Every structure is written in C-alpha cells, then in structure tokens.
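Pasting a structure here, questions to come.
The values are calculated or read from the model by the stated rules, or taken from the named source; none is laboratory data. For clarity, every value in this text was computed on a predicted model and none was experimentally measured. With ideal geometry, Cβ positions are generated from the backbone for all residues, glycine too; neighbour counts draw on all protein chains shown. These accessible areas exclude ligands, DNA and RNA; they are computed on the full protein's heavy atoms, side chains included. Shrake-Rupley method; radii C 1.70, N 1.55, O 1.52, S 1.80 Å.
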Amino acid sequence: MEAINSKLLNWASILDDKTREQAVKTSQLPFIYPHLALMPDAHLGKGATVGSVIPTLHAIIPAAVGVDIGCGMIAVRTQYALKDLPRDRKRLREDIEQAIPLSAGHNNRTVQATAEPRIAELKKLAAKAGFNPAQYVEKWDLQLGSLGSGNHFIEVCADEADAVWLFLHSGSRGIGNKIAQHHIGVAQHAVAKQQIHLPDPDLAYLEEGTSQFERYMAELSWAQHFALLNREEMMDRVSTQFGRWVGGTVQELERVNCHHNFTRQEVHYGKSVWVSRKGAIKAAHGDPGLIPGSMGTSSYVVEGLGNAASLNSSPHGAGREYSRNAARKTFSLDELKKAMRGIEFRASEAFIDEIPAAYKPIDVVMQDAADLVTVRHKLRQLVNVKGN
C-alpha cells in the first residue's frame, strides 16, 4: 500500500500516470472522508477511476458509482467434478448462447417463466420507490436475464480440486445505464446552477437532503437489485443447460453473488459515509467475494480480511492496461486464439479487445491484494461465453 497523499491510498503496483492523476483529482474533493482507496486493478474511467473506493460525506457522485449500476459477479459450486463432464464442450457453449441473449442490444423476446417472480418483485420495489422503470426503458422487463457485451461473460470453471463452478459477470443492463446517465445529468445541472467549479464535469455530485439526492438513491437501490436478480436469472438458465449437458440436475453446494459498482452507507474512521465502490467489492472480515481475471486467465473465490485502510474493499478483476481501441489495434485474432488454447470459446474478432494481454496480469493484482482478501479457490476456465 502506497500513500500518494493524505487523501489517497494506493494498492496498485501497475498504475499509469493518467489514472493516478484522475484519482488525485477525485481525492481532493472537499467531501471525501477519510480518503480514497485505489484498488490493485485501478484504471482510467469516466469521471472517477475504475477500481476506486470513494467515501463521501453528505453527497454522492453518480459517475463514481458507474453507469452499469450494480454490475457484479455470481458463482455457483456444483456437485460435479471435472471427470464427470462430457467431452463435447462446444455443445454446452452453444446451448448457453441460445438460452441467454448476449449482446448489449439483445433482450429476451418474451418474459421467461423463471423471470416472472423476479419481475413481480422489481415492480413492487419500483412502486415503493415511487417511479416507473418504463420511463427509462419501455420494455425493461425483457432485459432481465440478458448478459450484455464488453467484459461481461459466462464461464464454466474448475477449481484446484477439480470441482466444477458456474460463473458469470453482468449488471443492470440498459435500464441501469439509462438511470445512471439521467442522474449524472441531474448532478451536472445542479452543480452548474450553483456555479461550483469541478476538475471534471463527471465528478458532479448530489447533496444529501435534496430531492435530487433522494430520487437518485431510490432508483439506484432499485437498479442494484435488478442487477443482482439479473445474475440470478441467468445463473438459473446456465444451471439448466449445464444439467442437460451432463445428464443430471445441478446441486448448489455454494453460491456467491456480489456487486462491484454500487453505493451503500457505512461507518469508517468514526463517521457515517456513503461508500461508492466503482470496480471494487466489499471485503469486510469474512465477506465472500469473486475476483475474475480476463478471459483465458484465472479467477478467484475470496474472503475479505476487513482491511480498514482500504475501507473494507478489494479489487473486482484484472483491470485494463489497454483501452478497447488500443487493444484492437495492437492484438490479432490469432493471438487471442493462442491465449484461449484449451478453452472452449467462440473465436471472433469482436473479442480481440478482451484478450488477456489487454489487462493487468491477474496474479499481480492478487499479490497486490494480499492484505485485502484471502484466496479460497482459484478457478481455471473450461468454457467461455461472451456477448459482442
């Protein structure tokens, strides 16, 4: 851990100058308390750094939560071992691709039966929160159970004892993005109206006690829950397809479902603060968590150590070293195929920007996080599904 200044602590051994500069700017906002914590996977983001933990007094920065509200991971340990699996993994990948809409603009055509109780729950929560999600996305319910694109994935993995895990990464989809973008705009308007100068317009904030703050918190909470249920819905479908493939029914021996783009109120250093984890997971003592690598590399099931200086947090993944555009210009499909050797995946130029070499080495990230989490399981990928 490195103290960049009195308001910024850094756990990243790999940190470029632009990311460091961005984090310093955020840390100097007057309502940051006690300090901003930069995780090992930190990299440049919109307004606030991805891989940062931002505690604020009486205010919240919507862009510091991120536009994919509630994005996170879910993993299930099954009763199956590697030796129990059929050899034809391509069939499983294709069955999963058929069961779950994969790309950013693809939704379910109808509400699936498994999604009905979850959608009913979300409708009740929206009514209680005093808003209609359809004002953002008319058919938001069809987005529940869809993956999206970018670094979102579905994987079948095996751990160090050859136990088989189902693992996926996704968030609140288009509805969460629309909610986030709306409130980022509201915050920018509020700051401009008060003639407050900020180092970056995307650091615009909402003040506690205002109607805008209360409205954001209500809709933020709903979107976070949408993201959690979205992962559960997809996991149900993955479990069904996996069970058909192996010729049995999946028994869940363990399940972990955790956010890494979210806000919650916590007490740190003697004060109640709003903690926005943008690309970071909560890692209080004993908290279960998931830290995926990039496609083709290891992922980790972890347990929090409750590091006070980190504000009880840990990294959420490998963290980019190359932007998407830079990765597409630098790497080739042949290099991606080589990196994914031995893993069943759909070879496509659309995934070049997700090549492992575009990310920080996950083993370095985990070394940097040694005082934040303890590793319970190390997972290696067998099947990878992504949306383009």
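May I ask you to list the lysines whose Cα is less than 19 Å away from that of K139, ignoring any residue fewer than eight positions away on the same chain?
Partners found: K123, K124, K178.
What are the lysines whose alpha-carbon lies under 21 Å from the alpha-carbon of K337, with same-chain residues fewer than 8 places away excluded?
Partners within reach: K90, K329, K360, K386.
Would you kindly find the accessible area of T210, with a 1.4 Å probe and non-protein molecules such as ligands, DNA and RNA excluded, rounding to the nearest 10 Å²?
Estimated to the nearest 10 Å², T210 gives 50 Å².
Kindly state, as a whole number, the per residue volume in cubic angstrom of the convex hull around the alpha carbon atoms of segment 312-375. Before the final figure, lay out the partial values.
Values: hull volume 6.7 nm³, N = 64.
Taking only Cα atoms, segment 312-375 has a hull volume of 105 Å³ per residue.
A further question on this structure: Once the principal axes of the Cα atoms of segment 282-388 are found, what is the range along each, listed largest first in whole angstroms?
Result, largest extent first: 43, 27, 21 Å.
Using bins 10 angstrom wide from zero, how does P(r) for segment 229-301 break down, in % of all Cα pairs?
Bin by bin from 0 Å, the calculated values are 15, 35, 32, 14, 4, 1.
Another question, if that's okay. Please list, or write none, the aspartates and glutamates whose alpha carbon is within less than 19 Å of the alpha carbon of K18, excluding same-chain residues fewer than 8 places away.
In chain and number order, the partners are E2, D41, D200, D202, E321.
Then there is this: State in Å² the accessible area per residue of segment 291-388; use a 1.4 Å probe, count heavy atoms of protein chains only, and round to the nearest integer.
Ligands and nucleic acids excluded, the figure is 39 Å² per residue.
Quick check: with the 1.4 Å probe, what order do E219, E207, E138, E321 take by accessible area, largest first?
Final ranking, largest accessible area leading: E138, E321, E207, E219.
What Kirkwood hydrodynamic radius do you get for the chain when you take the inverse of the mean 1/r over all pairs of distinct Cα atoms, in Å?
Answer for the chain: a Kirkwood hydrodynamic radius of 21.1 Å.
Turning to a different aspect of this structure: With a 1.4 Å probe and all protein chains in place, put E21, E354, E254 in order of accessible area, largest first.
E21, E254, E354
What are the ³J(HN,Hα) values, in whole Hz, obtained from phi via the Karplus relation 6.51 cos²θ - 1.76 cosθ + 1.60 with θ = phi - 60°, for each residue of segment 43-50 in sequence order, with x given for Gly and Pro?
So the J values, rounded to whole Hz, are 7, 4, x, 7, x, 10, 5, 6.
Kindly write out, for segment 282-290 in residue order, the coupling ³J(HN,Hα) from the Karplus curve 6.51 cos²θ - 1.76 cosθ + 1.60 (θ = phi - 60°), rounded to whole Hz, with x marking Gly and Pro.
6, 9, 5, 4, x, 5, x, x, 10
Could you run the Karplus curve 6.51 cos²θ - 1.76 cosθ + 1.60 with θ = phi - 60° over segment 87-101 and give me ³J(HN,Hα) per residue in whole Hz, x for Gly and Pro?
Values, residue by residue: 7, 7, 6, 4, 4, 5, 4, 5, 5, 5, 5, 7, 7, 10, x Hz.
Sticking with this one: Under a Cβ-only charge scheme (Lys and Arg +1, Asp and Glu -1), can you give me the dipole magnitude of the chain about the Cα centre, in debye to the nearest 20? Mind showing how you got there, number by number?
Working: 44 positive and 43 negative charges, 114 e Å.
Here the chain has a charge dipole of around 540 debye.
Continuing with this model, one more query. Just to verify a number: what accessible area does R89 come out at with the full protein assembly present, 1.4 Å probe, Å² rounded to tens?
Accessible area of R89: about 60 Å².
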